[in-house]
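Reviewing the structure listed below.
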Amino acid sequence: MGKAQPASYYDVIYATDPGYIAAPDAMRPAWLWRELCARIEPRRAVLDVGCGPGGLGWYLEQREAADRCSVYAGVDFSEVAIRRARVLVPRGFFDVVDYATEVGRQRVGALAEQADLVVCAEVLEHIETDRELLAALPIGCDVLLTVPPTDDPGHVRCFSGLAAVEMRYGDLIAFTQIFWLGGRQCLLGRGRRR
């Protein structure tokens, strides 16, 4: 198992890794962003926690005008990622937020008050304070999350299956769905903050 990494670790990845400096539809997580985009209803006010370079927002912006999000906001603790996101999604709102800290979680909670869907795609496995982050979300908000089954130098945990997601987060999220996505590349959970 890896360990929680500082923002500078991700700054280097977002600035130099060919899987992230490519066009959005050629970036490594593009398959996941397309899958998530297909599961987000039109006109939602979306807060994307751990938005990285803004790929999900970019895909949401490619929709017909009537099907776009009413608001798209993204937060990440990588300044490099946020700079890239602001270029890819000029209509979006982006902020550098260290959601692993209490102050950062409070900021996420305040932003989530303005959203009706919070997305946490491939972020919870990177931080020790994953449960505290979800607890900072307002009661009743819709949550869409993905977590991996694989280890990585930046992962503090991985998930062996559906039951592992329910066990870790079920007291915080009333899940309506948990299933494998992308041929078992990650687990997707959808529900509402308890």
I'd like to know how the chain sits against the 2.2 N^0.38 Å rule of thumb: what's its Cα Rg over that expected value?
0.93
Work out the charge dipole of the chain with +1 on the Cβ of Lys and Arg and -1 on the Cβ of Asp and Glu about the Cα centre, then indicate which of 40, 93, 180 is farthest towards its positive end.
40
For region 117-187, just run the numbers: alpha carbon Rg, then divide by 2.2 N^0.38 Å, N being how many residues it has.
1.04
With the Cα gyration tensor of region 1-108 giving a ≥ b ≥ c as the square roots of its eigenvalues, does the rule (a/c under 1.5 for rounded; else a/b larger than b/c for prolate; else oblate) give rounded, prolate or oblate?
oblate
For the chain: accessible area per residue (Å², 1.4 Å)
44
Based solely on its DSSP helices, what 222 nm [θ] is calculated for the chain when runs of n ≥ 4 H residues each add -39,500 (n - 2.57) and the sum is averaged over all residues, nearest 500 deg cm²/dmol?
-9000 deg cm²/dmol
Through the Karplus equation 6.51 cos²θ - 1.76 cosθ + 1.60, θ set to phi - 60°, convert the phi angles of region 136-147 into ³J(HN,Hα) values in whole Hz; use x for Gly and Pro.
6, 6, x, 4, x, 6, 6, 10, 10, 10, 10, 9
Let me check I have the definition right: for region 69-181, take the eigenvalues of the Cα gyration tensor, multiply each by 5, take square roots. What are those semi-axes in whole Å, largest first?
23, 17, 14
With the full set of protein chains in place, find how many percent of the accessible area of region 1-116 is carbon and sulfur; take the probe as 1.4 Å.
54
What percent does the relative contact order of region 49-100 come to when contacts are Cα pairs within less than 8 Å and at least six residues apart?
43
5 angstrom amide H check on residue 121, placed H, neighbours 5+ away
49, 146
Can you tell which of 30, 22, 81 shows the greatest fluctuation in a Gaussian network model of the chain with Cα springs below 10 Å?
22
The answer for residue 94, listing residues at least 5 apart or on another chain whose modeled amide H is closer than 5 Å to its amide H, is 74
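The values are calculated or read from the model by the stated rules, or taken from the named source; none is laboratory data. Because the structure is a prediction, the values reported are computed rather than measured. Cβ: placed from backbone, ideal geometry, glycine included. Neighbour counts: every protein chain shown. Please note that ligands, DNA and RNA were not included when accessible areas were found on the heavy atoms of the full protein model with its side chains. Shrake-Rupley method; radii C 1.70, N 1.55, O 1.52, S 1.80 Å.
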